[in-house]
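The values are calculated or read from the model by the stated rules, or taken from the named source; none is laboratory data. Values in this document were obtained by computation on a predicted structure and should not be read as measured data. We place every Cβ from the backbone using ideal geometry, glycine too, and count neighbours over all the protein chains shown. The accessibility values were calculated without ligands, DNA or RNA, using every heavy atom of the protein model including side chains. Shrake-Rupley method; radii C 1.70, N 1.55, O 1.52, S 1.80 Å.
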Amino acid sequence: MPEPAQAETPLAAKSPYELRVDLGKGVPDADVRTALKTGEMGFLHSFTTGSTVDGPGVRLVAWTAGCMWRCVYCHNPDTWTMTNGIPVTLARAKEELSKYRQGLRVMKGGFTLSGGEALMQDRFAVKLFTAAKQMGIHTALDTNGYYGERLSDAELEQADLVILDIKGWNPARHKELTGMEIGPSLAFARRLAERRRPVWLRFVLVPGWSDQPGEAEGVAGFAAGLGNVERVDVLPFHQMGRFKWKQLGLEYKLQDTEPPSQEAVDETLALFRAAGLAAY
Ligand code: SF4
């Protein structure tokens with residue numbers, strides 16, 4: 001597949017908080033469909049380097065564009081639309097990976113595919129992970145798990161680690177919070193447990209939503225019962241993405257929501273720890 005014309009936009013970004021829109025707008029629909037089917041091209045918000053929070057060691061992270069969820073707190077709503085991302089051929093993405101290969105090994109890090117929702121582009125994800133593994137690079141998939149069934153058992157093995165975002169427990173609140181049902185994410189978590197795949201769980205603490213009674217307790221009890229959750233990261237809601245909602249002309253329900261207090265974060269950590277999980 002030829003390299004698309006938008007190649008002048010740098011793939012590297014300082015952080016995923018750079019607002020990026022319409023970078024893949026000129027790609028014909030038929031090419032988008034082919035890309036999704038074959039995985040020979042992906043749509044990426046950016047690549048960032050130096051992360052120490054998206055898996056073990058120091059990580060190269062590719063942020064995909066495209067997400068079918070509509071979390072009310074989403075920090076990167078520009079990644080909802082796939083064609084806001086830069087069209088990147090698989091060959092170019094592999095080249096990017098190979099540039100960092102030695103450094104990632106030295107720093108005991110690896111490559112993380114995040115988003116957006118990485119499994120919106122499941123074929124691209126699998127091909128990129130396969131390439132990374134062939135280069136000896138540790139791979140991590142950051143996902144909400146909704147499309148986990150798109151990966152075969154063998155394909156799942158290409159992700160050394162799954163970072164699973166569980167956003168709440170009460171099904172009705174989860175639907176209101178994300179726009180989607182919680183069931184498929186939980187089913188994916190159970191499948192990962194059955195297959196003994198390592199999981200790091202992420203729980204975003206959002207005042208008025210996931211800090212409500214029963215939310216963290218429910219997720220903690222579920223996660224503890226799986227047996228494959230190596231750690232839990234409780235991430236306090238923040239407002240770094242607020243400007244994106246404004247610039248995209250989206251209604252932002254959490255406009256005036258403050259980040260949770262340290263006390264609330266500590267209490268949530270205590271709930272996960274009380275369930276026997278390593279929580280940070
Ligand atoms: S799943 Fe992630 S990218 Fe998608 S809407 Fe929610 S927070 Fe945003």
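All C-alpha pair distances within the chain, sorted into 10 Å bins from zero, spread as 7, 30, 37, 22, 5, 0 percent across the bins. Whole Å is fine, so just give me how far the alpha carbon centre of the range 247-279 lies from that of the range 170-221. If we compute the Cα centre of each part, the gap is 13 Å. Only beta bridges with both residues in the chain are counted; by DSSP, about 25 percent of them are antiparallel.
For a 4.7 Å threshold on C-beta separation, the list of partnerless cysteines in the chain reads CYS67. Taking every protein chain into account, the accessible area of the chain amounts to 43 square angstrom per residue (probe 1.4 Å).
On average, how much area does the Cα convex hull of the range 6-83 cover when viewed from any direction, in nm²? Walk me through the numbers on the way to the answer.
Numbers: hull surface 24.0 nm².
If you wrap the Cα atoms of the range 6-83 in a convex hull and average its projections, you get 6.0 nm².
Across the range 41-48, rounded Karplus estimates of 3J(HN,Hα) from the backbone phi angles (6.51 cos²θ - 1.76 cosθ + 1.60, θ = phi - 60°) give 9, x, 10, 10, 5, 4, 10, 10 Hz, Gly and Pro being marked x.
Dipole magnitude for the range 152-224: about 80 debye, using +1 per Lys or Arg Cβ and -1 per Asp or Glu Cβ, origin at the Cα centre. Basic side chains Lys and Arg get +1 at the Cβ, acidic Asp and Glu get -1 at the Cβ, and with that the dipole of the range 162-280 about its Cα centre reaches some 620 debye. When the Gaussian network model of the chain links Cα atoms closer than 10 Å, the mean-square fluctuations of THR81, THR52, THR143 top out at THR52. Across the options THR89, SER114, THR79, the greatest Cα extent toward the positive end of the charge dipole of the range 72-186 (unit charges at beta carbon of Lys, Arg, Asp, Glu) belongs to THR89.
Non-local lysine pairs in the range 1-145, meaning eight or more places apart or on different chains, with alpha-carbon distances under 19 Å, amount to 10. Heavy-atom surface analysis with a 1.4 Å probe gives the chain a carbon and sulfur content of 52 percent of its accessible area.
Between the helical axis of 90-106 and the longest alpha-carbon principal axis of the chain there is an angle of about 60 degrees. Bridging of LYS253 to lysines at a Cα separation below 26 Å is possible for LYS167, LYS175, LYS244, once same-chain residues fewer than 8 apart are set aside.
Under a Cβ-only charge scheme (Lys and Arg +1, Asp and Glu -1), can you give me the dipole magnitude of the chain about the Cα centre, in debye to the nearest 20? Numbers along the way, then the final one.
Details: 32 positive and 34 negative charges, 135 e Å.
Here the chain has a charge dipole of around 640 debye.
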